[in-house]
Structure formats: structure tokens, C-alpha cells
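Participant: For reference, the structure I am asking about is given below.
The values are calculated or read from the model by the stated rules, or taken from the named source; none is laboratory data. The structure presented is a predicted model; accordingly, all values stated were derived computationally and were not measured. Backbone-built Cβ (ideal geometry, glycine too); neighbour counts: all protein chains shown. Just the protein is used for accessible areas: all its heavy atoms, side chains included, with ligands, DNA and RNA removed. Shrake-Rupley method; radii C 1.70, N 1.55, O 1.52, S 1.80 Å.
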Amino acid sequence: MMMTVLDTTLPIVVTLLLGFFASWHHDFTSSDAPILNRMVLTYAVPMAIFAGTISTSREYLIESLPLFTTITAGVVITYIVVYFISRLLLRLSLSASALVAVAVAGPAVPFFGPAILEGVFGTSGAVPMAIGSIVINVTIVPFTVYLLTVGKMKSEQAENDKEIEEDAGSIFIEHLKETVQKPLVWAPILAVIIVFSGLDLSSLFGKSLNLLGSSASGVALFASGIMLAAYKIRLDFLTWFIVILKNIAAPAAIYFAASALGLDHKTVAQAVITMAIPAMPIIVVFAIEYKVAEKNMPSALLLSTILSPLTIGGFIYLLAV
């Protein structure tokens, strides 16, 4: 069991440290990370998910319906709960609450999924990767943009609430359209359609797409290391609140809820490990763009990523996968 934990988490640590060292050694700068991330999100990860999904049987995808439901419910319910805790108990602004919610509810599946999910579950890890990518990008990300836009408009004292809602609503729809057009979203959907159509394209496209797809994990982690080197840690209450909920509380809640519902062990394990993946780098982009929690989000991302080998390793050990 300890070897499984080390085999999954040690490559993450090493690759992150290599990216961190490359930035410290001035071989790369923080401005290079977005370029590498764009390659990962536009080409490498969609290809990896597509190749992995078309290699999956139709029967397995049908059996994965409970996994789809579990991950979707986990992401959406976690977002809603954390948003209202932030808004009502912590008294944060609308924008800050939305940002905290997406930081906790949204695992960075495209960045860490290939290394973690395929490292633990093998080729079947492509299914939770596909599910996570679709769910996160089609639900909580565009909705967060909507809430951030509303918050920004209110802070700028727009003329009235009706105009705010109409303008923000149009931005939400526009962002949703842009999201659906991204390869990270339509590639998994296309792969699922191909599998259900009965076409076997795995022998034709599997190896070809995997040549670039297999680079997704290493490049994404390396780029994350470069980006993390640019930030300083701010250890205040909000930062720890985000990290503890993201790395421990959210996946633990999924574990107890899914187990109580009597779901099979593999479904529970895949859902929990997916939710245990660190926060998405996009939270830093949102924080800077909308000028919300600009010091907390980089710190939360950094801590969530640094601590993830320990927390994910703990869940792997707990689930005995």
C-alpha cells in the first residue's frame, strides 16, 4: 500500500520541484507557465482523455453513470455549501464567496488528473478525468464568472440591480458558449458518443493521440511548479479555510456520502480521489482579473498543491486502492 502511495505522489512532488527549480534558476519565468498550460489544456489533456475514453467499453461507461452522478453532485453541492458558508458565516463579499467556493469545489483535473487518476486507476482513470473536466467547465466555472461579474458591477455602483443581472447573465451565456467550444469539453463528449455508437477507433487513434497526450501530466506539473515559484504564502485564516476544505473536508464528505448510499468501492474511490485533487490554477487568474482575494488565492493554490501528496496519499491509503 505504501508503494502505491509513493508511486502516485512522488512523481508529482519531483516534477513540481523541477518546475520550481527551473523558475528559481531563471530557465523559465512565470510568464512561460501560461504558454505551457495552454498547450496542456488545448491539446495534451483533451487528447489523453479522448484516447483513454475511446479505449473504454460501452458497458463500462454505462456502469460509470453512478460515478458521473457522484462527481457532479459532489462538485455542485460543495460549491453551494461553501458559497453560503463564506457569505453568511464568514461575511465575505459576493465575489470573494464565489471565488472561495470554486477554489474548494473545483479540483484541477486537467492539470493533475493524468498523473493522479491514471497513476492510481490505470487506463480507467480517463473516465473520471473526462467527467471531472466536463462537469467543472460547464457548471461551476461559468457560474463563478457570472457571480464575479455581478460582484464587480455592484462594487462599481451600477445603475440598478436589473441592469446588473441582465449584463451579467449575457456574460454568463457567452462564457458558457466559449466553454463548450473548448477541446477540454467537447473532446470527452465526442469520445463518449463514439463509444456508444459502437465504433472502435482505439487501434487507429489511440497510440497517435497518446504520443502528445502522455506529456500532459509532466508538462502541467512542471508549469505549475514554475507558477508557484512566483508567489509567496500568506498563512491567514481564509487561506487555511480554503486548503483544509479543498484537500480534506470535501473529499471526506464525498467518501462518507457515497459510502452511506451504498455505492461500489471503485466508484467511491474514483470520486474521492478526483475531489482530492488540488485547487485549479484558474482561481489565481480570477483573483487578479476581478481584484478579489488577490493574496489569498495564490497562497491557497500553493498550499493545496504542496500538501496534496500527503492528503491524496492519505485517501489512497484509506481507500486501499
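Participant: Among the residues of the stretch 40-84, which ones are outside any helix (DSSP H, G or I) and surrounded by fewer than 19 Cβ atoms within 10 Å (Cβ to Cβ)?
Facilitator: Answer for the stretch 40-84, where residues must be outside any helix (DSSP H, G or I) and surrounded by fewer than 19 Cβ atoms within 10 Å (Cβ to Cβ): just SER57.
Participant: Of LEU301, LEU212, LEU235, which residue is in contact (Cβ under 8 Å) with a residue 60 or more places away in the chain, touching a helix residue (DSSP H, G or I) at 6+ places or on another chain (Cβ under 8 Å) and not in a helix (DSSP H, G or I)?
Facilitator: Among LEU301, LEU212, LEU235, only LEU235 is in contact (Cβ under 8 Å) with a residue 60 or more places away in the chain, touching a helix residue (DSSP H, G or I) at 6+ places or on another chain (Cβ under 8 Å) and not in a helix (DSSP H, G or I).
Participant: Same structure, new question: Consider SER95 against the criteria (1) within 11 Å of the chain's Cα centre (by Cα); (2) within 26 Å of GLU174 (Cβ to Cβ): it satisfies all of them except one. Which criterion is unmet?
Facilitator: Among (1) within 11 Å of the chain's Cα centre (by Cα); (2) within 26 Å of GLU174 (Cβ to Cβ), the lone unmet condition for SER95 is (1).
Participant: Suppose we filter the stretch 197-209 for residues that are surrounded by fewer than 16 Cβ atoms within 10 Å (Cβ to Cβ), outside any helix (DSSP H, G or I) and either at pLDDT below 75 or touching a Phe, Trp or Tyr at 6+ places or on another chain (Cβ under 6 Å) (or both); how many remain?
Facilitator: 2
Participant: Would it be correct to say that SER97 is in contact with a helix residue (DSSP H, G or I) (Cβ under 7 Å, 6 or more places away or on another chain), open to solvent by 40 Å² or more (accessible area, probe 1.4 Å) and more than 30 Å from GLY213 (Cα to Cα)?
Facilitator: Criteria not met by SER97.
Participant: Also, I was wondering about something else. Of the conditions (1) of a type outside the set (S, T, N, Q); (2) part of a loop (DSSP other than H, G, I, E, B); (3) within 24 Å of TYR83 (Cβ to Cβ), ALA230 fails just one. Which one is it?
Facilitator: Every condition holds for ALA230 apart from (3).
Participant: Mind listing whichever residues of the stretch 15-38 are open to solvent by less than 60 Å² (accessible area, probe 1.4 Å) and not polar (S, T, N, Q)?
Facilitator: Selection gives LEU16, GLY19, ALA22, ASP32, ALA33, LEU36.
Participant: For ILE248, are the conditions met, namely being outside any helix (DSSP H, G or I) and touching a residue at least 40 places away in the same chain (Cβ under 8 Å)?
Facilitator: So ILE248 does not fit the description; no.
Participant: Which is among the aliphatic types (A, V, I, L, M), modelled with pLDDT of 95 or more and either within 19 Å of the chain's Cα centre (by Cα) or at positive phi (or both), of ALA320, ALA279, ALA252, ALA287?
Facilitator: Step by step, each of ALA320, ALA279, ALA252, ALA287 is checked, and only ALA252 is among the aliphatic types (A, V, I, L, M), modelled with pLDDT of 95 or more and either within 19 Å of the chain's Cα centre (by Cα) or at positive phi (or both).
Participant: If we scan the stretch 32-39, do we find a residue that is modelled with pLDDT under 85 and not in a helix (DSSP H, G or I)?
Facilitator: Checked against the condition, which is being modelled with pLDDT under 85 and not in a helix (DSSP H, G or I), the stretch 32-39 yields at least one hit.
Participant: Open to solvent by less than 10 Å² (accessible area, probe 1.4 Å) and either at pLDDT 85 or above or in a loop (DSSP other than H, G, I, E, B) (or both): does that describe ILE242?
Facilitator: yes
Participant: Given (1) of a type outside the set (Ser, Thr, Tyr); (2) open to solvent by 10 Å² or more (accessible area, probe 1.4 Å); (3) touching a Leu at 6+ places or on another chain (Cβ under 6 Å); (4) part of a helix (DSSP H, G or I), identify the lone condition not met by VAL292.
Facilitator: Failing condition for VAL292: (4).
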